[in-house]
Amino acid sequence: MKLQVEHVNYAYGPDLPCVLKDISFSVREGEFISLLGPSGCGKSTLLNILAGIRDDYEGTIRIDGNRVTGISSHFAYMPQNDLLLSWRTILDNICLYSEIHHKKKETLPRARQLMEQFGLQGCEGKYPNELSGGMRQRAAFLRTALCEADIYLLDEPFGALDVITRGEMQDWLKDLCRSLHKTILLVTHDTDEAIYLSDRILVFGRTGEGIRDEVAVMETSRDREWLFRQSSLRSQIHGLISAGG
Ligand SMILES: Nc1ncnc2c1ncn2[C@@H]1O[C@H](COP(=O)(O)OP(=O)(O)O)[C@@H](O)[C@H]1O
Ligand SMILES: [Mg+2]
């Protein structure tokens, strides 16, 4: 499943400045792409457009060559705001999509196993307002991970997590992408997270500037020690982000 984004422009209103300007890139099936850039450069706006929440943009989005508009089942989206449903328990939130598709019963064992793996055991019957920010974020992440989609759009999914949990979830996401051949677009402001996880990193400029450049990360067998040694990649990316004053 190949994703192509072609010449996307977006402004929030006729008199407002362009937030996304001539954004074009393509993503191969099974590829892990990170979108990195300063706050306000339009990363969340772009994911909203891909997820079909905003359709008043210029440009074209294609999957396997076919134009997609509106909400498409090809995408699973984890917005920056977790959007857990306050009236449903955590387990019912995590199983939301399988319930919609009448597959809740089959999904329950995996949902429970993942909840245990990510420190949410005992939270099945709790409601979102009873959980900490990090727990809510893990629950929202699992809800998205359990969608049967081809392309996962993740907007800063690990921002509220402590370093250890964050590392575990990064490893798990890396495995999900490699073993299940899922395609992932991850928005992050963490350069190391982008280097550790991505095949390619798209570096955005300031608001309306578009994509400054992309950086490919070739290594296939990565671990934390490898990441620690990536100082030249790190400074290349930081140079790109701070370029242009
Ligand atoms: N609903 C909105 N109405 C008007 N402007 C918005 C709205 N949402 C975001 N913006 C503006 O669009 C720009 C990009 O926002 P966003 O996509 O959230 O950036 P990022 O996710 O990269 O931090 C920012 O300047 C922000 O202020
Ligand atoms: Mg954002």
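The values are calculated or read from the model by the stated rules, or taken from the named source; none is laboratory data. The shown structure was predicted, so the numbers you read here are calculated from the model rather than taken from an experiment. Neighbour counts are summed over all protein chains in view; Cβ atoms, including those assigned to glycine, are modelled from backbone coordinates with ideal geometry. Keep in mind that these areas ignore ligands, DNA and RNA; they rest on the heavy atoms of the full protein, side chains included. Shrake-Rupley method; radii C 1.70, N 1.55, O 1.52, S 1.80 Å.
Below are the figures for this structure:
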{"read-out": "Percent RCO, i.e. relative contact order, over the range 95-205, from Cα pairs under 8 Å lying at least 6 residues apart", "value": "23"}
{"read-out": "Average Cα contact separation per residue, the range 82-148, under 8 Å, 6 or more apart, as relative contact order %", "value": "52"}
{"read-out": "Trypsin sites (Lys or Arg not before Pro) restricted to DSSP loop in the range 193-245 with at most 16 other C-beta within 10 Å", "value": "206, 222, 229"}
{"read-out": "Order by protection proxy (mean Cβ within 10 Å, highest first), peptides 128-137, 46-55", "value": "46-55, 128-137"}
{"read-out": "Heavy-atom surface of the chain, accessible at 1.4 Å and reported per residue (Å²)", "value": "48"}
{"read-out": "For the chain, the Rg and Dmax computed from alpha carbons only, in angstrom", "value": "18.0, 54"}
{"read-out": "Lys, Arg +1 and Asp, Glu -1 on Cβ, resulting dipole of the chain about Cα centre, debye, nearest 20", "value": "300"}
{"read-out": "Nearest-10 value in Å² for the accessible area of residue 1, using the 1.4 Å probe", "value": "50"}
{"read-out": "Portion, in percent, of the accessible area of the chain that falls on carbon or sulfur, probe 1.4 Å", "value": "50"}
{"read-out": "Sequence-distant lysines (8 or more away, or on other chains) whose Cα lies within less than 30 Å of residue 43", "value": "2, 21, 174, 182"}
{"read-out": "For the chain, share of DSSP beta bridges that run antiparallel, in % to the nearest 5", "value": "50"}
